[in-house]
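Contents: one structure, followed by commentary.
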Amino acid sequence: TATKRFHVRRFPTAILTTDQGIESDRFTGFVNPTELREDLTRAMEGEATVWEYERILKERRDPTIMILMAREFIDRCEPDKAMEYLNQAKMIDAEGDLGAIDDVMFAEAMIERDDRKWYKSLELLKKLVKNYPESEWREDAELYIPWLLTQAGDNEEALKRYNQFLDDYGSSS
């Protein structure tokens with residue numbers, strides 16, 4: 001089935017392919033029709049696709065583009081390819097001056113989550129929250145932490161963390 005062929009694990013998922021059946025882009029999660037139309041138009045024009053990212057990386061070693069590539073491969077259930085790009089981004093931003101490290105940590109946590117390695121994912125997200133309190137990923141990390149605790153069977157701690165999340169981010173979407 002197409003679900004197996006394209007490694008679909010989240011619903012809804014829309015996959016844009018070439019005439020030869022090669023995936024050019026993937027859209028996961030609910031988006032309103034206007035946003036979906038914009039995303040499809042962008043992808044059909046070749047913007048923000050794996051192919052465009054590969055072209056950019058041939059021109060320059062950009063950790064932001066490497067992280068975007070990694071996210072594409074995470075969505076495509078190809079964690080090894082994703083890790084290659086994340087490791088390259090880490091090497092380029094080893095000192096953290098370029099602001100890529102928290103992006104890398106969050107992406108690595110998602111790979112561990114997808115592999116059902118709850119504690120490894122938790123460790124990365126807790127480190128992200130502690131070391132990068134201003135990160136754009138902090139709120140997502142704070143929400144994933146109790147979910148991961150639930151998956152790991154620590155419901156008591158998960159409930160505390162969910163309540164803390166509601167106190168801290170109650171007006172969040």
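The values are calculated or read from the model by the stated rules, or taken from the named source; none is laboratory data. All values reported here derive from a predicted model rather than from experimental measurement. Positions of Cβ are backbone-derived with ideal geometry, glycine not excepted, and every protein chain shown enters the neighbour counts. Just so you know, the surface numbers come from the protein's heavy atoms only, side chains and all, with ligands and any DNA or RNA stripped out. Shrake-Rupley method; radii C 1.70, N 1.55, O 1.52, S 1.80 Å.
Across region 15-34, what is the total count of residues that are in contact (Cβ under 8 Å) with a residue 24 or more places away in the chain and open to solvent by 30 Å² or more (accessible area, probe 1.4 Å)?
Looking only at region 15-34, we keep the residues that are in contact (Cβ under 8 Å) with a residue 24 or more places away in the chain, and these are 16, 23-26, 28.
Remaining after also requiring open to solvent by 30 Å² or more (accessible area, probe 1.4 Å): 16, 28.
Residues meeting the conditions: 2.
Give the number of residues within region 92-114 that are open to solvent by 20 Å² or more (accessible area, probe 1.4 Å), part of a loop (DSSP other than H, G, I, E, B) and of a type in the set (D, E, K, R).
Within region 92-114, residues that are open to solvent by 20 Å² or more (accessible area, probe 1.4 Å), part of a loop (DSSP other than H, G, I, E, B) and of a type in the set (D, E, K, R) number 2.
Return the residues of region 115-125 that are loosely packed, with under 14 Cβ neighbours inside 10 Å and under 13 Å from the mean Cα position of the chain (by Cα); say none if nothing qualifies.
Listed by number, the list is empty, since nothing qualifies.
Mind checking which pairs have a first residue in region 145-171 that is touching a residue at least 24 places away in the same chain (Cβ under 8 Å) and a second that is assigned to a helix (DSSP H, G or I) and charged (D, E, K, R), Cβ under 8 Å, 6 or more apart or different chains?
Final answer for the pair search is 148/113; 149/157; 149/161; 168/142; 169/139; 169/142.
Could you tell me which residue of region 144-173 is surrounded by the fewest Cβ atoms within 10 Å (Cβ to Cβ), considering only residues that are under 22 Å from residue 102 (Cβ atoms) and of a type in the set (A, V, I, L, M)?
Step one: of region 144-173, the residues under 22 Å from residue 102 (Cβ atoms) are 144-149, 161, 164-165, 168-169, 172-173.
If we keep only those that are of a type in the set (A, V, I, L, M) as well, we get 145, 148-149.
Working: 145: 23, 148: 26, 149: 21.
Filtering region 144-173 for residues that are under 22 Å from residue 102 (Cβ atoms) and of a type in the set (A, V, I, L, M), the one surrounded by the fewest Cβ atoms within 10 Å (Cβ to Cβ) comes out as 149.
In region 35-50, what residues are touching a residue at least 24 places away in the same chain (Cβ under 8 Å) and either surrounded by 14 or more Cβ atoms within 10 Å (Cβ to Cβ) or at positive phi (or both)?
Applying the first criterion (touching a residue at least 24 places away in the same chain (Cβ under 8 Å)) to region 35-50 yields 40, 43-44, 49-50.
Passing the criteria: 40, 43, 49, 50.
Which condition does residue 141 not pass, out of (1) crowded, with 20+ Cβ neighbours inside 10 Å; (2) without any contact (Cβ under 8 Å) to a residue 12 or more places away in the chain, if it passes all the others?
Of (1) crowded, with 20+ Cβ neighbours inside 10 Å; (2) without any contact (Cβ under 8 Å) to a residue 12 or more places away in the chain, only one is false for residue 141: (2).
Looking at region 126-137, is at least one residue crowded, with 21+ Cβ neighbours inside 10 Å and among the polar types (S, T, N, Q)?
no
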